[in-house]
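Trainee: Quick one: the structure is below, and I'll ask about it shortly.
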Amino acid sequence: MGEYKLPELPYSYDALEPHIDARTMEIHHTRHHNGYLTNLLKQIEGTDDMKVCPWTICSRGADNLSPAVRNNGGGFVNHALFWEIMSPDGGGEPVGKVADEIKGTFGTFEAFKDKFSNAAATRFGSGWAWLFIDGSGKLEVGSTANQDNPAMFGGKPILGLDVWEHAYYLHYQNRRPDYISAWWNLVNWEKVAEYYDRATK
Ligand code: MN3
């Protein structure tokens, strides 16, 4: 089943410079992401879980997952989404239906951006900031610890930002807010619109 292999990046390791450096991207993909996959497979290889999508495993709920599947399954899917929602041609403003939803929910794109950046900056320790669709179908901004994601709590993520130090430390050291503001230049809003449309279908 092809879902349990390391996805190729849709661009080269140096394509996101200067916002994210090539060395960070390479280590992040080949070691961190690959490590989550390897450790997830140790848990589920040979079981029926291999027959279902890894997001489906997450959506069983954080409390229903073993710590190893929660951490490594989360790590595996979170990074797969993260690579996809970035692009060397990213940045700018949202497009499609999700653009209207963002305005309707948060007032303005800038207000949404501030809320999301704040969630990313204030997540203590390692984790992720998210734009997701909550259980009632509304857009929501939040953050999760470690490799948790909104799917583990009844939501559907459509945009995620990795704020683990491994995602930025080589280039930004302790300046997480600088990494966050640079990252907005990479957001692939067409991909986010696709995720939104798929999640609300
Ligand atoms: Mn990471």
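The values are calculated or read from the model by the stated rules, or taken from the named source; none is laboratory data. Note that this is a predicted model, so its numbers are computed, not measured. Ideal geometry is used to build each Cβ from the backbone, glycine not excepted, and the neighbour counts take in all protein chains shown. To get the accessible areas, we keep the full protein, side chains included, count just its heavy atoms, and leave off ligands, DNA and RNA. Shrake-Rupley method; radii C 1.70, N 1.55, O 1.52, S 1.80 Å.
Trainee: At a Förster distance of 35 Å, what's the computed FRET efficiency of Glu26 paired with Lys97, Cβ-Cβ distance as r, to 0.05? Walk me through the numbers on the way to the answer.
Mentor: Working: r = 35 Å, r/R0 = 1.00.
After rounding, the FRET efficiency stands at 0.50.
Trainee: Run the quick spin-label model on Ser136 and Lys42: label points 7 Å from Cα toward the beta carbon, then report their separation in nm to one decimal.
Mentor: In this crude spin-label approximation the distance works out to 4.2 nm.
Trainee: Something else: Which trypsin sites (Lys or Arg not before Pro) in the stretch 5-63 sit in a loop by DSSP (not H, G, I, E or B) and have at most 14 other Cβ atoms within 10 Å of their own Cβ? Don't jump to the answer; show the numbers that get you there.
Mentor: Details: sites: Lys5, Arg23, Arg31, Lys42, Lys51, Arg60; in loops: Lys5, Arg60.
Hits after loop and neighbour filter: Lys5.
Trainee: Starting from the 7 Å offset along Cα-to-Cβ, what nm value, one decimal, do you get for the label separation of Asp114 and Ala15?
Mentor: Each label point lies 7 Å from its Cα, and together they span 3.4 nm.
Trainee: Also: Given an 8 Å cut-off on Cα distances and at least 6 residues of separation, report the relative contact order of the chain as a percent.
Mentor: Here the relative contact order equals 26 percent.
Trainee: Ok, one more. For the stretch 50-201, what is the accessible area per residue in Å² when the probe is 1.4 Å? Intermediate results must be reported in sequence, preceding the final value.
Mentor: Values: 6700 Å² over 152 residues.
Ligands and nucleic acids excluded, the result is 44 Å² per residue.
Trainee: Quote to one decimal, in nm, the extra length available between Thr56 and Glu190 on full extension: 0.36 nm per residue of separation minus the C-alpha distance between them. All intermediate terms of the calculation are to be shown ahead of the outcome.
Mentor: Details: separation 134, 0.36 × 134 = 48.24 nm, distance 2.37 nm.
Result for the pair: 45.9 nm of gain on full extension.
Trainee: Please report the equivalent ellipsoid semi-axes of the chain, computed as sqrt(5 x eigenvalue) of the Cα gyration tensor, largest first, in whole Å.
Mentor: Here the semi-axes work out to 25, 21, 16 Å.
Trainee: On to the next question. How much of Glu3 can a 1.4 Å solvent probe reach, expressed as accessible area in Å² and rounded to 10?
Mentor: 80 Å²
Trainee: If you stretched the chain out fully between Ala121 and Ala199, how much longer would it get, using 0.36 nm times the residue separation minus the C-alpha to C-alpha distance? Could the numbers behind the result be given before it?
Mentor: Details: separation 78, 0.36 × 78 = 28.08 nm, distance 2.64 nm.
Full extension from Ala121 to Ala199 adds 25.4 nm.
Trainee: For the chain, which whole-number percentage of the solvent-accessible area (1.4 Å probe, protein heavy atoms only) is attributable to carbon and sulfur atoms?
Mentor: Details: 4570 of 9480 Å².
C and S atoms contribute 48 percent here.
Trainee: For Asp63 and Tyr4, what is the calculated FRET efficiency with R₀ set at 35 Å and r taken between the beta-carbons, to the nearest 0.05? Please list the in-between numbers first.
Mentor: On the way: r = 23 Å, r/R0 = 0.67.
Step by step, r from the Cβ atoms, then E = 0.90.
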